[in-house]
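Each remark here refers to the structure printed beneath this line.
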Amino acid sequence: MPLAENNDLGNRLAAGGGYLGFARNSWLETLGVDAMSGRIEQIIRLPNRTFLPLISALVTGAFFLSVLFKLYMLALVALAALAVTFLIWTPASGERSDRGALPVGNGATAVLHSEAAHPPSLWAMALLIAADATAFTSLTFGILFLWVVAPNWPPPAFVTWSAMPVLLTISGLTLSMISGQMAAPRAAVSRDREIALLATAAGHLLTVIGCAAITLTLPDVTRHAYAAAMFIIVIYAAIHAAIGALLAGFGIWRSRTDYISQIRSVDLRIGSLWHGYTAVIGAITLLVVYGLPRVMGS
């Protein structure tokens, strides 16, 4: 009905006649709808009134300012504080029991976002990966561009092949990718998914060790821009693996505290996206460091 012919709409909504016109368990709620049809898909439970968003923003700003002014120890403290603030947020973003379809008004029902097929947090991780992939692509493109236009790039025999670090990295990437995907299915039982997550964390840590060993085989980063570029791209992969280990550990904690079930598996699905993406990042890094010099030199 056109709004002009629905003069009483405001009064009816104020009286609770619309969707979510009532308070449920003192929660702050909003509806998640399909972008094309407007069909109600989920109830998005928002954090209650808190200063945590402001605190997290201030700590994030402190981290980047510390890096900008080369206060690296302070940056590490800010990064740890940021992780703590995010962990404090997490209890409000999940449930410890399956609630099923809940009424939203006008005879309609919907599940909470923690039980939905496409919750906002899953889209947020996908968009984060897209932004991160753009940064990684820019980094690798810069290396490849210099490869094409700069004379004597890369220098002859500048990166020494070492089998053990590469094998460690490949093993870690493979283990974390496979076990991370095994933990994600909704049908996974508690014990099986926790074992898979433990293997995922171990794989990521193995990747970090492998990447650290690769950096030891690189020449001094102050000698040539090529050495610096290789060092940065390897560290980039290692940081992503370290984050993957944290996500796997977070998944174990959420599973042990009953925030994950066969239905409430969004935390594991978010993790599986990152674990797979990290494997792709690591594989491309190995190709850039070791594969392309052989191809370009042949």
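Condition test on GLY38, is it over 20 Å from SER93 (Cβ atoms), surrounded by 14 or more Cβ atoms within 10 Å (Cβ to Cβ) and not aliphatic (A, V, I, L, M)? For GLY38, the condition - over 20 Å from SER93 (Cβ atoms), surrounded by 14 or more Cβ atoms within 10 Å (Cβ to Cβ) and not aliphatic (A, V, I, L, M) - is not met. The set of residues from the stretch 16-37 being within 28 Å of the chain's Cα centre (by Cα) and within 16 Å of ALA116 (Cβ to Cβ) comprises TRP27, GLU29, THR30, LEU31, GLY32, VAL33, ASP34, ALA35. All conditions but one from (1) modelled with pLDDT under 90; (2) not in a strand (DSSP E or B) apply to PHE63; the one that does not is (1). Flag not set for THR215, criterion: more than 21 Å from ALA117 (Cα to Cα), modelled with pLDDT of 95 or more and either under 21 Å from the mean Cα position of the chain (by Cα) or of a type outside the set (D, E, K, R) (or both). Considering only residues of the stretch 81-120 that are more than 16 Å from PHE22 (Cβ to Cβ) and in contact with a Pro (Cβ under 6 Å, 6 or more places away or on another chain), which is surrounded by the fewest Cβ atoms within 10 Å (Cβ to Cβ)? In this case the residue turns out to be ALA92. Within the stretch 9-52, being assigned to a loop (DSSP other than H, G, I, E, B) and touching a Gly at 6+ places or on another chain (Cβ under 7 Å) holds for GLY18, TYR19, LEU20, GLY21, PHE22.
Output yes when any residue across the stretch 261-280 is assigned by TED's automatic domain parsing to the domain that holds THR215 and under 19 Å from PHE141 (Cβ atoms), and no when none is.
Start the filter on the stretch 261-280 by keeping residues that are assigned by TED's automatic domain parsing to the domain that holds THR215, which leaves 261-280.
Adding the requirement that they be under 19 Å from PHE141 (Cβ atoms) leaves 277, 280.
Checking the stretch 261-280: at least one residue is assigned by TED's automatic domain parsing to the domain that holds THR215 and under 19 Å from PHE141 (Cβ atoms).
Determine if the stretch 215-227 includes at least one residue that is in a helix (DSSP H, G or I), buried (at least 23 other Cβ atoms within 10 Å of the Cβ) and in contact with a Pro (Cβ under 9 Å, 6 or more places away or on another chain).
Let us first name the residues in the stretch 215-227 that are in a helix (DSSP H, G or I), namely 215-217, 225-227.
Next, from what is left, pick out any that are buried (at least 23 other Cβ atoms within 10 Å of the Cβ): none.
Checking the stretch 215-227: not a single residue is in a helix (DSSP H, G or I), buried (at least 23 other Cβ atoms within 10 Å of the Cβ) and in contact with a Pro (Cβ under 9 Å, 6 or more places away or on another chain).
The values are calculated or read from the model by the stated rules, or taken from the named source; none is laboratory data. Predicted, not measured: the structure shown is a model, and the values here were computed from it. Counting neighbours? That spans all protein chains shown, and the Cβs are built from the backbone with ideal geometry, glycine included.
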